[in-house]
Amino acid sequence: MIALEHIELVGLPVIDGVPTVANDNVLAAGQADPAHNGIYRVSTTNPGGVWFPAPRRGVPGVYSECSEGRTHRERRGTRAGDPRQHR
């Protein structure tokens with residue numbers, strides 16, 4: 001899933017029309033502080049349900065493909081918040 005708007009990185013929100021579940025990877029590409037953009041793993045086991053960075057976070061040039069969502073399905077994005085249409 002890709003979130004182009006700022007989201008709280010906790011709990012199980014609905015992103016792009018799809019409910020998140022534990023262990024989903026989410027590309028947060030619209031955080032208020034761009035340093036917090038990245039690929040996160042949804043967690044329900046961390047205290048307060050706080051998400052944690054997915055293992056690939058911060059690797060230059062890594063794209064994330066999105067297979068779920070009403071608007072952003074079949075899209076890719078980078079940690080820098082650069083969503084691109086998948087062709």
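The values are calculated or read from the model by the stated rules, or taken from the named source; none is laboratory data. Just so it is clear, the structure is predicted and the values come from calculations on it, not from any experiment. Cβ: placed from backbone, ideal geometry, glycine included. Neighbour counts: every protein chain shown.
Hey, could you check the stretch 5-15 for residues that are farther than 16 Å from F52 by Cα and either modelled with pLDDT under 90 or assigned to a strand (DSSP E or B) (or both) and say which is nearest to the chain's Cα centre (by Cα)? This residue is I15.
The number of residues in the stretch 16-31 that are in a strand (DSSP E or B) and either more than 20 Å from P55 (Cβ to Cβ) or more than 11 Å from the chain's Cα centre (by Cα) (or both) comes to 2.
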